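Q: I am attaching a structure below and will ask some questions about it afterwards.
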Amino acid sequence: MSPTRADSGQPELLDAGQEDRVRAVLALGGVPFADLPDGVQQVRLRLLERMADGRGLPRNVSAWAAAVASNLAMDWHRSKRRRKRLEERLGSLRGAEGDADGGEDVRVRALSVARGLEQLSDAQRQVVVLRFHADLSVRQIAQELGVPEGTVKSRLHTAVRSLRTVLHDVEAV
Amino acid sequence: MEHKGDDAIREDPLMYVLTGEPLPPELERDAAFVAEYRAAGADTAALRDDLARIGEALCREPAGRRGTKGRLAPRRVAFRARRRWALVAAAVAAMAIGAVVTGVVRDDAQNRGAPPEAALTPVGRLACAEVVAEGLVVDAARVDGGSVKVTLRVDRHYKPERGERLLSFSAPPQPAGAEGAAGWSGSRLLVLVPQAEGAVAEVFREGEPAPPGAPEGGSGDALEWGRSLVADSLEESRGKPCPAQH
């Protein structure tokens, strides 16, 4: 028997861990906090639509959901002003609580990485988030996004090289 | 130009880290290359850590909007989304959805909450582990945040080679429900408990699918893959520092 969502009676298409990951991928892609529930809902809807179309379940639901979330974030980004997103991201980090394991150095580094993410192209940011937050392999990213593996590698390489520069600059300060 | 192709960057140490491909023997003998490779591994581990931190911060309700409890605001479903939901739900209702959906809810928590070391090579992951052991779960319970407090009756100590009979650690968050932590009791697993205090352990539980990145051709079982990881890389990892801490 499949689990159901207690508040709606709808089948629970994504488990709690998958939902958390989708939410984070959306957030890292620039979707503001207030829109995250809608974003998660959109991913669920895409999964239902896929099943209703007779295409069946993705072979790897987690990877599929992360990729869909990253694409949704890119679409959202195209329709919103970039500046507002940056301010929200940095504001959230400044206001972060409960960083017991963090400390100022770690927080400063995370802020710098957040700024570094903003300097990446949407496509670069997407592969970085899918690789290092959603834990998809290069092959999985290529499959889910429908692009050649070489393209994913190239985007990743360029993006991470840029972010490494940010990390080293922070350490040098 | 963004796409340079494989050839131009194939021999870059960073590319091996990004793809998770093992270093060829001839490059393993190149000390300068290996040093660059390790530095890239440490940087990507830090990047993974930062992304987790940023993602967590961005998913937290901003200060000033926070309610009396709960980390997320009440779910708000836009009218258009609700309408789409209704239409799609109607279409899906015609299907034997219960049977279909059963396969959807799978536990991918092995990847969530994993320490930054997970970005490293197998040797690096083992070097970053304080304890590597295998045994039967005698108790498992979800705690705040969704992670699982596990007590393991150890019957094989890999690292160190001797240790306590009972081992307790925090496993990655598990989904609520029948397939959650309650189902762990009595199951066999192998665990990599990280050195970092408070970090979540990496778990390979029998009967679960091997995590993404596992080499193809194996049984596909997480425990079997964990054992092969230990068999292949534990000796090499002994005495090596944890790259994520250097």
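Q: Hey, could you check the stretch A:105-134 for residues that are open to solvent by 30 Å² or more (accessible area, probe 1.4 Å) and acidic (Asp, Glu) and say which is farthest from A:THR165 (Cα to Cα)?
A: Narrowing the stretch A:105-134 to residues open to solvent by 30 Å² or more (accessible area, probe 1.4 Å): A:105-109, A:115, A:119, A:121-122, A:131, A:133.
Then drop every residue that is not acidic (Asp, Glu), which leaves A:105, A:122.
Numbers: A:ASP105: 17, A:ASP122: 19 Å.
Out of the qualifying residues, it is A:ASP122.
Q: Select, from A:ARG83, A:ARG55, A:ARG78, A:ARG59, the only residue that is in a helix (DSSP H, G or I) and modelled with pLDDT of 55 or more. Break it down into steps so the answer makes sense when it comes.
A: Values: A:ARG83 fails: modelled with pLDDT of 55 or more; A:ARG55 fails: in a helix (DSSP H, G or I); A:ARG59 fails: in a helix (DSSP H, G or I).
Criteria check complete, one pass: A:ARG78.
Q: Quick one: what pairs do we get from the stretch B:226-243, first residue open to solvent by 10 Å² or more (accessible area, probe 1.4 Å), second of a type in the set (Lys, Arg), C-beta under 6 Å, 6+ apart or different chains?
A: Final answer for the pair search is B:PRO243/B:ARG38.
Q: Here is a further query. Collect the residues in the stretch A:135-147 that are within 11 Å of chain B (Cβ to nearest Cβ), in contact (Cβ under 8 Å) with a residue 60 or more places away in the chain and either closer than 16 Å to A:ALA27 by Cβ or open to solvent by 10 Å² or more (accessible area, probe 1.4 Å) (or both), keeping them in residue-number order.
A: Answer for the stretch A:135-147, where residues must be within 11 Å of chain B (Cβ to nearest Cβ), in contact (Cβ under 8 Å) with a residue 60 or more places away in the chain and either closer than 16 Å to A:ALA27 by Cβ or open to solvent by 10 Å² or more (accessible area, probe 1.4 Å) (or both): just A:GLN140.
Q: Taking the criterion of being within 7 Å of another protein chain (Cβ to nearest Cβ) and in contact with a Gly (Cβ under 6 Å, 6 or more places away or on another chain), would at least one residue in the stretch A:108-121 satisfy it?
A: Taking every residue of the stretch A:108-121 in turn, none turns out to be within 7 Å of another protein chain (Cβ to nearest Cβ) and in contact with a Gly (Cβ under 6 Å, 6 or more places away or on another chain).
Q: Right, another one. Being open to solvent by less than 60 Å² (accessible area, probe 1.4 Å) and either facing another protein chain (nearest Cβ under 9 Å) or in contact (Cβ under 8 Å) with a residue 24 or more places away in the chain (or both), is that true of even one residue in the stretch B:28-37?
A: yes
Q: Hey, another quick one. Do you know which residues across the stretch A:21-79 are on the phi > 0 side of the Ramachandran plot and either touching a helix residue (DSSP H, G or I) at 6+ places or on another chain (Cβ under 8 Å) or open to solvent by less than 10 Å² (accessible area, probe 1.4 Å) (or both)?
A: The answer is A:GLY30, A:GLY56.
Q: Now a separate question. Out of the stretch A:13-29, which residues are more than 8 Å from every other protein chain (Cβ to nearest Cβ) and touching a residue at least 60 places away in the same chain (Cβ under 8 Å)? Even if it seems obvious, please write down each step before you answer.
A: The initial filter retains those residues of the stretch A:13-29 that are more than 8 Å from every other protein chain (Cβ to nearest Cβ), namely A:19, A:22, A:26, A:29.
Correct list: A:GLY29 only.
Q: Can you tell me which residue within the stretch B:194-230, out of those that are of a type in the set (A, V, I, L, M) and not in a helix (DSSP H, G or I), is modelled with the lowest pLDDT?
A: Result: B:ALA214.
The values are calculated or read from the model by the stated rules, or taken from the named source; none is laboratory data. The model shown is predicted, which means the values in this text are computed figures rather than measured ones. For neighbour counting, all protein chains shown are included, and Cβ atoms are generated from backbone atoms with ideal geometry for every residue, glycine included. Just the protein is used for accessible areas: all its heavy atoms, side chains included, with ligands, DNA and RNA removed. Shrake-Rupley method; radii C 1.70, N 1.55, O 1.52, S 1.80 Å.
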